[in-house]
Amino acid sequence: MSSLETKPLSERFEHLLSVISGQKFLQNQGIGNEVPFFICSYEPKESIDMELIKKQLIKQLHQKGVHVLEINLYDLAIELLQKRDIFQQILEIESSVSKEELKELLQNVLDSEEHLIPAISKKLQDSDFNILFLSGVGEVFPYIRSHNVINNLQSTAKDKPTVMFFPGEYTHSLESGASLDLFGLLQDDKYYRAFNIYEYKV
């Protein structure tokens with residue numbers, strides 16, 4: 001864990017603002033030929049504070065001429081369910097099916113490759129932005145997994161930086177590669193080609 005991750009939120013905000021508004025970051029420099037994906041992790045108990053920081057970041061970046069497109073995965077999931085006229089139906093059956101059945105149903109109708117990524121791709125094409133913020137990761141677990149989103153987005157969102165706000169820990173080790181541990185509890189052993197934004201030097 002980066003030492004910055006344990007610093008007060010005000011210090012983390014200053015780091016995020018200086019990094020994200022810098023030309024080095026906006027032009028995808030300093031990351032080799034990797035896809036410009038960054039993880040901004042935080043403790044789940046800081047979720048409300050991080051939401052405020054994110055809004056403040058978007059506002060101050062806009063004042064600096066840096067335009068952010070924010071996509072909240074939870075809002076997007078509801079939008080997709082409503083577009084397909086199944087949102088009300090899911091609400092009606094929720095109390096009569098098991099959690100496992102509901103999870104399988106949602107995983108099918110919100111499949112990352114088939115539905116979620118094309119919807120994100122359309123938003124990217126329809127927007128004029130410099131950087132993509134992805135949020136709502138905790139709210140869509142377990143029917144949308146962050147590693148599926150990241151892996152499938154690599155071919156779509158590779159030209160401009162993407163920052164995923166993640167309630168948990170992003171850890172690296174030589175033995176197992178990198179791992180996103182949602183809420184600091186649910187370890188996923190998939191490999192991620194993303195950078196810890198707290199370790200990015202201005």
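Points worth noting:
- For the chain, the longest principal axis of the alpha carbon atoms and the long axis of helix 47-63 meet at an angle near 60°.
- A 1.4 Å probe, protein heavy atoms only, puts the accessible area of Ser96 near 90 Å².
- The chain shape via C-alpha gyration tensor axes, a/c threshold 1.5: prolate
- DSSP-loop trypsin sites (Lys or Arg not before Pro) across segment 1-83, with at most 14 other Cβ within 10 angstrom: Lys64
- Accessible-area composition of the chain, carbon plus sulfur, in percent [1.4 Å probe]: 47
- Segment 49-110 shape via C-alpha gyration tensor axes, a/c threshold 1.5: prolate
- Each of Arg84, Arg145 has its accessible area taken with a 1.4 Å probe; listed largest first, they run Arg84, Arg145.
- Rough spin-label spacing in nm, given labels placed 7 Å along Cα→Cβ, for Leu4 and Lys103: 3.4
- Accessible surface computed residue by residue for segment 1-160, with neighbouring protein chains in place and a 1.4 Å probe, gives 55 Å² per residue.
- Nearest-10 value in Å² for the accessible area of Glu169, using the 1.4 Å probe: 70
- Modelled this way, with points 7 Å down the Cα-to-C-beta line, the labels at Phe129 and Gln88 are 3.0 nm from one another.
- For Lys99, a cut-off of 19 angstrom between C-alpha atoms picks up these aspartates and glutamates, skipping any fewer than 8 places away in its own chain: Asp111, Glu139.
- Between helix 73-83 and the chain: long-axis angle, C-alpha atoms, 0 to 90°, nearest 10: 40
- Among the GluC sites (Glu not before Pro) found in segment 1-87, those both in a DSSP coil and sparsely packed, with 15 or fewer other Cβ atoms within 10 Å of their Cβ, are Glu34.
- Among the protein heavy atoms, those of Asp49 account for about 70 Å² of accessible surface (1.4 Å probe, every chain in place).
- Beta bridges per DSSP with both ends in the chain, % antiparallel, nearest 5: 35
- Each residue of segment 123-136 was assigned a 3J(HN,Hα) from its phi angle through the Karplus curve 6.51 cos²θ - 1.76 cosθ + 1.60 (θ = phi - 60°); the sequence is 5, 5, 5, 8, 10, 9, 8, 9, 8, 9, 9, 10, 9, x Hz, with glycine and proline shown as x.
- Spin-label model, Lys64/Lys122: points 7 Å from Cα along the beta carbon direction are separated by 3.3 nm.
- Computed from the C-beta positions of Lys160 and Leu52 and an R0 of 30 Å, the FRET efficiency is 0.80 to the nearest 0.05.
The values are calculated or read from the model by the stated rules, or taken from the named source; none is laboratory data. Not measured: the values here are computed from a predicted model. Using ideal geometry, Cβ is built from the backbone for each residue, glycine included, and neighbour counts are taken over all protein chains shown. These area figures cover heavy atoms from the full protein model, side chains too; ligands, DNA and RNA do not enter into them. Shrake-Rupley method; radii C 1.70, N 1.55, O 1.52, S 1.80 Å.
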